[in-house]
Amino acid sequence: MSKNLDIDLLRTLVAIADFGGFSQAAKRLHRTQSAISLQMKRLEESSGKALFRKAGRKRILTEEGELLLNYARRILNLNDEVASMLRPNPLQGHLRLGISQDIADRGLAVILAQFTRSHPAVRLDVMVDTSSRLIEAMGAERLDLAVAFQNPGDPGDSLGQIPLQWIVPDPFIWQPPQPLPLAMFTTPCVFRSRVVSALEQAGIPWRIAYTSPSLPGILAAVEAGLGVTARLAGEGSQLHGLPPLKPVELGLYRSPVHHPDVVNALETIVRDYIRSERIAA
């Protein structure tokens, strides 16, 4: 006889994974940590599998737990989509989303499609720009939610780190000790800071050969041989003896809003996508 898995227990499992543990999930779900633990015990009993194991002071997912987590995300997405479509008064409002150019290239279309299917009555405005401009727009209350790269001390909620790699022209002609030509975003820029710091620590002279406020402009400059740049891992290669780059932190920024339910819905989709696609770790 098949067992029915409680949807609320699956939602708590996803919250534990998304927010980094039992105590963090308890805060987000406005429950006690003991209540969260009890829910996971019930889920283990109903699934017949051990979902967590101890690793020091932490509890991490077992292989069975990871498997159930993947299915839980799919079940919740379908459940929430159906519930939204059948709701007598579907979510409505106007939502302003900001997303960095690099992340937009990796999944903006998927995020927008999923949100629009679930909440067709919501008007969605999207700003794709550099992280510094997105954070500035958040401070000026021109955005309700933003996904941007963080500088130390920024107030955003961390979504994890993403490795950086160099992107170089093909062919790449550079003869040390000549300064390394760079094609970079205008300041302030987290990527630019990572590049300059790595080169200075390695004792490699550099010069800014080209700047642009847009990612296509930067990539065009690299293709034209004007300089090298750095982007997210998977977009370039670690070549030519250039030093390794420190990863960047991806953050989720949220402002006080007039439509919290709408923002909650979009935030859930964004978090699920970032984690399911393993964009940040």
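Within the stretch 246-281, the set of residues being among the polar types (S, T, N, Q), more than 20 Å from residue 71 (Cα to Cα) and assigned to a helix (DSSP H, G or I) comprises just one member, 264.
Got at least one residue in the stretch 62-69 being at pLDDT 85 or above, surrounded by 12 or more Cβ atoms within 10 Å (Cβ to Cβ) and closer than 20 Å to residue 264 by Cβ? So far as the stretch 62-69 goes, no, none of its residues is at pLDDT 85 or above, surrounded by 12 or more Cβ atoms within 10 Å (Cβ to Cβ) and closer than 20 Å to residue 264 by Cβ.
Only one residue in 152, 177 is within 26 Å of residue 280 (Cβ to Cβ) and surrounded by fewer than 16 Cβ atoms within 10 Å (Cβ to Cβ), so which one is that? Testing whether each residue is within 26 Å of residue 280 (Cβ to Cβ) and surrounded by fewer than 16 Cβ atoms within 10 Å (Cβ to Cβ) leaves just 152. If I ask for residues that are among the aliphatic types (A, V, I, L, M) and either within 19 Å of residue 77 (Cβ to Cβ) or not assigned by TED's automatic domain parsing to the domain that holds residue 142 (or both), which ones from the stretch 90-129 would you list? 91, 95, 97, 108, 109, 110, 111, 112, 113, 121, 122, 124 - these are the residues of the stretch 90-129 that are among the aliphatic types (A, V, I, L, M) and either within 19 Å of residue 77 (Cβ to Cβ) or not assigned by TED's automatic domain parsing to the domain that holds residue 142 (or both).
Here residue 106 passes the criteria (1) closer than 16 Å to residue 276 by Cα; (2) among the charged types (D, E, K, R); (3) surrounded by 14 or more Cβ atoms within 10 Å (Cβ to Cβ); (4) at pLDDT 90 or above except the one numbered (4).
Residues of the stretch 208-228 include at least one that is free of Cβ contacts under 8 Å to residues at least 60 places away in the same chain, of a type in the set (Phe, Trp, Tyr), surrounded by fewer than 19 Cβ atoms within 10 Å (Cβ to Cβ) and not assigned by TED's automatic domain parsing to the domain that holds residue 131.
With respect to the conditions (1) closer than 22 Å to residue 160 by Cβ; (2) assigned to a helix (DSSP H, G or I); (3) touching an Asp or Glu at 6+ places or on another chain (Cβ under 8 Å); (4) modelled with pLDDT of 90 or more, residue 39 lacks only one, and its number is (1). Within the stretch 1-19, can you find the residues that are of a type in the set (Gly, Ala, Ser) and exposed (fewer than 13 other Cβ atoms within 10 Å of the Cβ)? 2, the sole residue that qualifies.
Selection within the stretch 155-174: residues that are touching a His at 6+ places or on another chain (Cβ under 8 Å) and outside any strand (DSSP E or B). The member of this set that is surrounded by the most Cβ atoms within 10 Å (Cβ to Cβ) is 168.
The rows are residues; the columns are (1) within 28 Å of the chain's Cα centre (by Cα); (2) at pLDDT below 90.
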{"position": "160", "(1), (2)": "yes, yes"}
{"position": "170", "(1), (2)": "no, yes"}
{"position": "174", "(1), (2)": "no, yes"}
{"position": "182", "(1), (2)": "yes, no"}
{"position": "186", "(1), (2)": "yes, yes"}
{"position": "192", "(1), (2)": "yes, no"}
{"position": "197", "(1), (2)": "yes, no"}
{"position": "201", "(1), (2)": "no, no"}
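Residues in the stretch 127-135: is at least one under 22 Å from residue 280 (Cα atoms), acidic (Asp, Glu) and surrounded by fewer than 18 Cβ atoms within 10 Å (Cβ to Cβ)? So far as the stretch 127-135 goes, no, none of its residues is under 22 Å from residue 280 (Cα atoms), acidic (Asp, Glu) and surrounded by fewer than 18 Cβ atoms within 10 Å (Cβ to Cβ).
The values are calculated or read from the model by the stated rules, or taken from the named source; none is laboratory data. Since we're looking at a predicted model, the values are computed, not measured. As a convention, Cβ positions derive from the backbone with ideal geometry for all residues, glycine included, and neighbour counts pool all protein chains shown.
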